[in-house]
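Here's the structure we're looking at; comments come further down.
The values are calculated or read from the model by the stated rules, or taken from the named source; none is laboratory data. Nothing here was measured: the structure is a model prediction, and the numbers come from that model. Note that we place each Cβ from the backbone using ideal geometry, even for glycine, and neighbour counts take in every protein chain shown. All accessible areas refer to the heavy atoms of the entire protein, side chains included, with ligands and DNA or RNA removed. Shrake-Rupley method; radii C 1.70, N 1.55, O 1.52, S 1.80 Å.
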Amino acid sequence: MAATNRVYQKLVEVRKAVPYLQKNNSGHQYSYVSASQVFGAVRPELDRVGLLLVTKIVDKSVRYDEVRNKDKYGNEKVTLTLTTELDLLYTFIDVESGDTLEIPFYSQGMEIGGEKGVGKALTYATKNFFLSQFVIATDAQDPDSFQDQVAQTKPAAPVSNEQLRELEQLAEAFADLRETDVLRVWEQFGVTRDELKALKEPEVLEMKARLQSWLEKAKEVAGVTEPEKREETPRREERPFADEKPYVFVSATENESKNGDWYFTCILEDEDGDEIEVIAKGDLAFEVSQLEDDTDILAVVAKRNNFNLLKALKV
């Protein structure tokens, strides 16, 4: 029987120690987690368990682009933009056993008229490698309990038995209404039932909120919502959508954003037989995941700058 690679065990310890980070930096109309914040949270945990990370540049390329625009006086300005692309190989080494784990990664960095493209690409790569490798959730909201940056990287409280029972009850109720196996519900969160006990409180609270939302929608579809509640607040879904159109659901592919949120890229066929690509997020992403190929649907699709967004769906 082959010996277990100790790197895997230690990576799990690091992941448990850094469950989430707060976004405390502001950019152009958005907030983000800085590279130094991520490194400051992950590196002490790597040192604690005895893991060394070695970075190797396997391949690289640099692209030069000219960007032309005009200043406020109408004079044309030409700016040289350098885009550096890197194929990387990260290797985790257990300093005690010598066990290793290699993980390939890709990154790019953009620099305007300078020579920092490689450095930016490496920094960006390692930051996002840590966020994705250790499944670190990021949160823009400032919790009252955060007093300083150290508190932001503290391990969250473990899930209680009461929270676990409540989560299982919600999942089972939802699975019953949708006539599916409860294991399919846990798959939407990327966990198994046995892994629930290892979750931290913020993860459980997020799962609970999503399950409650799914359950309410499932009750409305199944017609089990309390009559009194329906009379007081008529459901918007009961009325025809203003911009709904018929489509044929062709297929869907599951994706994950940089923040760890999952969404679906759907292919819909309109009345003219043309196929369009549509993004489904949140509760609509789960509804899309339950559709079979070639299903007739009614949908509202909103056009954004560079993509189409699914706003409403009826089967």
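Sort out which residues of segment 274-291 are β-branched (V, I, T) and part of a strand (DSSP E or B), and write them in order of number.
The answer is I276, V278, I279.
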Note to self: Take residues that are open to solvent by less than 30 Å² (accessible area, probe 1.4 Å) and modelled with pLDDT of 70 or more and tell me which of the helices (runs of 4 or more DSSP H) falling wholly in segment 126-236 contain 2 or more.
What the structure shows: 161-178, 182-188, 201-222
Next item on the list: Give the residues of segment 256-277 that are within 25 Å of F174 (Cβ to Cβ) and open to solvent by less than 90 Å² (accessible area, probe 1.4 Å), sorted by residue number.
Entry: S257, N259, G260, D261, W262, Y263, F264, T265, C266
Note to self: Whether any residue in segment 42-63 is surrounded by 10 or more Cβ atoms within 10 Å (Cβ to Cβ), at pLDDT below 75 and under 19 Å from G109 (Cα atoms) is what I want to check.
What the structure shows: no
Note to self: So, in segment 278-295, how many residues would count as being surrounded by fewer than 11 Cβ atoms within 10 Å (Cβ to Cβ) and touching a strand residue (DSSP E or B) at 6+ places or on another chain (Cβ under 7 Å)?
What the structure shows: 2
Checklist line | Residues located in segment 84-125, provided they are open to solvent by 70 Å² or more (accessible area, probe 1.4 Å), modelled with pLDDT of 85 or more and closer than 16 Å to K258 by Cα | finding: Y106
